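Below: one structure, written as structure tokens.
The values are calculated or read from the model by the stated rules, or taken from the named source; none is laboratory data. Just so you know, these numbers come straight off a predicted model, no measurement behind them. Cβ atoms come from the backbone with ideal geometry, glycine included; neighbour counts cover every protein chain shown. Remember, those area values only see protein heavy atoms, side chains included, never the ligands or the DNA or RNA. Shrake-Rupley method; radii C 1.70, N 1.55, O 1.52, S 1.80 Å.
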Amino acid sequence: MCGIIGAISNANIVPILLEGLSRLEYRGYDSAGLVVANHGLQRVRTTGRVAELSNLVATQKTQGFTGIAHTRWATHGKPSEHNAHPHFSGKETKIAVVHNGIIENHEAIRTKLQQHGFHFSSETDTEVIAHLIAFNLKQTTDLFKAVCLSLTELQGAYAIAVIEEENPERIIAARKGAPLLLGLGKEGHYVASDASALLQVTRDIIYLEEGDVAELNRHSYKIVNCLHHQFGEPVQRIVHESHLTNEAIGLGTYTHYMQKEIFEQPGAVANTLEMVLNAESISPNIFGSKAEKIFSATNNILIIACGTSYHAGLVARYWMETIAGLPCSVEIASEYRYRDAIAVPGTLVIGISQSGETADTLAALNYAKEVGHQYSLAICNVPESALIRQADLRFLTRAGPEIGVASTKAFTTQLASLLLLTVTLAKMRKKLTINDEKQMIAALRHLPIALQHALQVEPQVKDWAKRFAEKNHALFLGRGAHYPIAMEGALKLKEISYIHAEAYAAGELKHGPLALVDNDMPVVAIAPNDQLLGKLKSNLQEVHARGGRLYVFADADANIESSEHLYIIRLAEHTGILSPILHTIPLQLLAYHVALERGTDVDKPRNLAKAVTVE
Ligand code: F6R
């Protein structure tokens, strides 16, 4: 959460900061601000979005060669101009700081600094960093050393960029527990929360590691690592070439990123499965060189994730048990990390995360290691993320950048990866014959086309969306592996349309939620043609008999007919094991079109942000 960018260049860097911020806005949009060095530090802040900041900057004709900027997701202190970054410290000579993360001991440091006469003008934890650096600057007289010294006092997570009025020829940047990278350009040097912000100026990227502190000058840079030493040792970091394309991060012909990402799913899944689509059999090596050894020792699965990624894990549990014969538990990361969890020998711990930076998921994986779990696997969409670096084995979902805050293509690519993993484990455990494996590969090969077909229900879903737009509540029902898909459908609807939506395993309805059903309550049901269809139909009857309005997404061949107050949209085909992946599509489309009808901000829903890097 929060996006930061800094630039030092031969040319005016304000347009670079603004373009970078607009790329980072998905990380938070409660306020935006920038500061440039130009005869002192010139700061512009707004509680509006980056577009509003651009207008202010244009009016004030702000420009300079060194600057830092920020787009905020509020944690400490409400969204307001005085809480917006950059934060200042110092009277005669100022320093400015932008920060992504949370400083856990900010209160103690604040008290200490107040005793030393520092005055605070915001409620943020970030202002503590600014004053602490200013305090240490008095003793060290060098900004780089003052930053290193200050970091030894900070507990929590941070990615920061700092500039100084006195010496505007440099930016100091540091990271611990939040992503930060450097960009090396022809005209200057840059720092940002992610590579998409810097694509405008360079593809040469250095991913900072935990404890790295960097000094950027116009034509040079240095990096030290302060994780164990106060002033650190100089370190060399590899320069990577970013392969991001403008097409991948732009809207193209679409109106919203969520819409683009929904329609990108056939391609995203095809990319994710590329290495098996032309293969005759699946090799465990696609999960890493140690996979064969680790999978041979695996007799239990523990999946840890948050939100949509957690829902992917819940679907995988059905697959792991049915196809691979493996016991599988699925945990919400923020709960697991504080439980007295017991390690079962032979467990493979799987962390699922689109961003690979979700604080709870990272902490829960660390905790799993602490309690004695030996092996971990990351399923993630960001190759350079902390999660990928932390795990023993890894599988990259190749969905491309997901910018809409509501996760869509990340989810279906996670499901495709988890199915691939299940088949791999099943094969190693001799639960599949060669013929079974071939059939599974054929099913996976068919998945991108099947997704394309599923997207064709959009016009019918649009019709339904008009009716949903007037509602305040909705229930979602599913059974078996489609119950987590119902949960995902409810999450999508609530997060972007703000309609209160709850999902239930359909068999649970009569144990309480049926009391909510009346003629004003839309009930969405997922009705695949599987062995539970008969049971589900009975559950739907229970709703129908009480005047509920049923909206059923059924497989093409599901024996279920429309009637008064029972509406059906049929998917183009019935795809057996792939069914949960395909049934996700109409639910995403429903949420999207209901949000359009209600006029909400589809890509940037209120109070949310992508990449939840705080606890
Ligand atoms: C919902 C959504 C969130 C994320 C959750 C975990 O649409 O996007 O629920 O799934 O914050 O994020 P990752 O997958 O990045 O760990």
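Scoring A378 on the criteria (1) aliphatic (A, V, I, L, M); (2) over 17 Å from T613 (Cβ atoms); (3) more than 9 Å from the ligand (Cβ to nearest atom) leaves a single failure, condition (2).
A quick yes/no check of all residues on (1) away from the ligand (no atom under 16 Å from the Cβ); (2) closer than 26 Å to W73 by Cα; (3) at pLDDT below 95; (4) open to solvent by less than 60 Å² (accessible area, probe 1.4 Å):
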{"site": "I568", "(1), (2), (3), (4)": "yes, no, no, yes"}
{"site": "H574", "(1), (2), (3), (4)": "yes, no, yes, no"}
{"site": "I577", "(1), (2), (3), (4)": "yes, no, yes, yes"}
{"site": "H583", "(1), (2), (3), (4)": "yes, no, no, yes"}
{"site": "R598", "(1), (2), (3), (4)": "yes, yes, no, no"}
{"site": "V602", "(1), (2), (3), (4)": "no, yes, no, yes"}
{"site": "K610", "(1), (2), (3), (4)": "no, yes, yes, yes"}
{"site": "V614", "(1), (2), (3), (4)": "no, yes, yes, yes"}
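Among the conditions (1) under 25 Å from L387 (Cα atoms); (2) open to solvent by less than 10 Å² (accessible area, probe 1.4 Å), I102 misses just one, which is (2).
When segment 68-105 is filtered for residues that are more than 21 Å from the chain's Cα centre (by Cα), in a loop (DSSP other than H, G, I, E, B) and small (G, A, S), the ones remaining, listed by number, are G77, S80, A84, G90.
Of the strands (runs of 3 or more DSSP E) contained entirely in segment 167-247, those carrying at least 2 residues that are more than 26 Å from the chain's Cα centre (by Cα) and free of Cβ contacts under 8 Å to residues at least 40 places away in the same chain fall at 221-225. Among the numbered conditions (1) surrounded by fewer than 24 Cβ atoms within 10 Å (Cβ to Cβ); (2) part of a helix (DSSP H, G or I); (3) hydrophobic (A, V, I, L, M, F, W, C); (4) within 16 Å of the ligand (Cβ to nearest atom), the only one that V330 does not meet is (2).
Of all residue pairs spaced 6 or more apart or on separate chains, none has beta-carbon atoms under 7 Å together with a first member in segment 350-364 that is over 12 Å from I379 (Cβ atoms) and open to solvent by less than 10 Å² (accessible area, probe 1.4 Å) and a second member that is modelled with pLDDT of 95 or more and within 6 Å of the ligand (Cβ to nearest atom). Any residue at all in segment 220-240 that's at pLDDT 95 or above, crowded, with 19+ Cβ neighbours inside 10 Å, out of contact with any helix residue (DSSP H, G or I) (no Cβ under 7 Å at 6 or more places or on another chain) and among the basic types (K, R)? For segment 220-240, residues at pLDDT 95 or above, crowded, with 19+ Cβ neighbours inside 10 Å, out of contact with any helix residue (DSSP H, G or I) (no Cβ under 7 Å at 6 or more places or on another chain) and among the basic types (K, R): absent.
Scanning segment 142-166 for residues that are within 28 Å of the chain's Cα centre (by Cα) and part of a helix (DSSP H, G or I) yields one hit, L151. Name the residues in segment 67-115 that are in contact with a helix residue (DSSP H, G or I) (Cβ under 8 Å, 6 or more places away or on another chain), over 23 Å from P179 (Cα atoms) and modelled with pLDDT of 95 or more, would you? Result: S89, I109, R110, L113. The single condition from (1) under 30 Å from K604 (Cβ atoms); (2) surrounded by fewer than 24 Cβ atoms within 10 Å (Cβ to Cβ) that V315 fails is (2). Whenever a residue of segment 308-328 is closer than 24 Å to L587 by Cα, its partners that are open to solvent by 10 Å² or more (accessible area, probe 1.4 Å) and within 16 Å of the ligand (Cβ to nearest atom), lying with C-beta atoms within less than 6 angstrom and at least six residues away or across chains, give the pairs T308/S407; Y310/I332; H311/M487; G313/V330; L314/V330; R317/V330.
Hey, among G90, G33, G20, which residue is at positive phi and crowded, with 19+ Cβ neighbours inside 10 Å? Result: G90 is the single residue among G90, G33, G20 that is at positive phi and crowded, with 19+ Cβ neighbours inside 10 Å. For segment 453-475, does any single residue satisfy the condition of being within 24 Å of A554 (Cβ to Cβ), assigned to a strand (DSSP E or B) and not hydrophobic (A, V, I, L, M, F, W, C)? Yes, segment 453-475 contains a residue that is within 24 Å of A554 (Cβ to Cβ), assigned to a strand (DSSP E or B) and not hydrophobic (A, V, I, L, M, F, W, C). Tell me, yes or no, whether segment 504-520 has at least one residue that is under 23 Å from I262 (Cβ atoms), open to solvent by less than 30 Å² (accessible area, probe 1.4 Å) and modelled with pLDDT under 95. No, segment 504-520 contains no residue that is under 23 Å from I262 (Cβ atoms), open to solvent by less than 30 Å² (accessible area, probe 1.4 Å) and modelled with pLDDT under 95. Taking segment 521-547 as the range and being surrounded by 13 or more Cβ atoms within 10 Å (Cβ to Cβ) and either within 15 Å of W464 (Cβ to Cβ) or of a type in the set (A, V, I, L, M, F, W, C) (or both) as the test, the residues that pass are M521, P522, V523, V524, A525, I526, A527, L532, L533, L536, L540, V543. Looking only at segment 304-322, decide whether some residue is within 16 Å of the ligand (Cβ to nearest atom), part of a strand (DSSP E or B) and under 17 Å from the mean Cα position of the chain (by Cα). Looking through segment 304-322, at least one residue is within 16 Å of the ligand (Cβ to nearest atom), part of a strand (DSSP E or B) and under 17 Å from the mean Cα position of the chain (by Cα). Among residues of segment 41-55 that are open to solvent by 80 Å² or more (accessible area, probe 1.4 Å), those with a beta-carbon under 6 Å from a residue that is part of a loop (DSSP other than H, G, I, E, B) and aromatic (F, W, Y) at least six positions away or on a different chain give the pairs R49/Y29.
The C-beta contact set for segment 133-151 (first residue under 15 Å from V213 (Cβ atoms) and free of Cβ contacts under 8 Å to residues at least 12 places away in the same chain, second residue among the aliphatic types (A, V, I, L, M) and open to solvent by less than 30 Å² (accessible area, probe 1.4 Å), distance under 6 angstrom, 6+ apart or interchain) comprises T140/A146. Put simply, of A391, A386, A399 the only residue that is at pLDDT 95 or above, under 16 Å from the mean Cα position of the chain (by Cα) and either open to solvent by less than 20 Å² (accessible area, probe 1.4 Å) or within 15 Å of the ligand (Cβ to nearest atom) (or both) is A399. From the list G20, G6, which one is assigned to a strand (DSSP E or B) and of a type in the set (G, A, S)? None of the others qualify; the one that does is G6.
Counting only residues that are within 13 Å of the ligand (Cβ to nearest atom) and open to solvent by 10 Å² or more (accessible area, probe 1.4 Å), how many does segment 403-438 have? Count: 3. Within segment 256-301, the residues that satisfy the criterion of being within 16 Å of the ligand (Cβ to nearest atom) and open to solvent by less than 50 Å² (accessible area, probe 1.4 Å) are H256, Y257, M258, Q259, K260, E261, I262, Q265, A268, T272. Among residues of segment 56-67 being assigned to a helix (DSSP H, G or I) and among the β-branched types (V, I, T), the one that is surrounded by the fewest Cβ atoms within 10 Å (Cβ to Cβ) is T59.
In segment 459-499, which residues are over 24 Å from L532 (Cα atoms), without any contact (Cβ under 8 Å) to a residue 60 or more places away in the chain and under 22 Å from the mean Cα position of the chain (by Cα)? Result: K494, single match. All but one of (1) away from the ligand (no atom under 16 Å from the Cβ); (2) out of contact with any Leu (no Cβ under 8 Å at 6 or more places or on another chain); (3) not aromatic (F, W, Y) hold for I496; which doesn't? The single condition I496 does not satisfy is (1).
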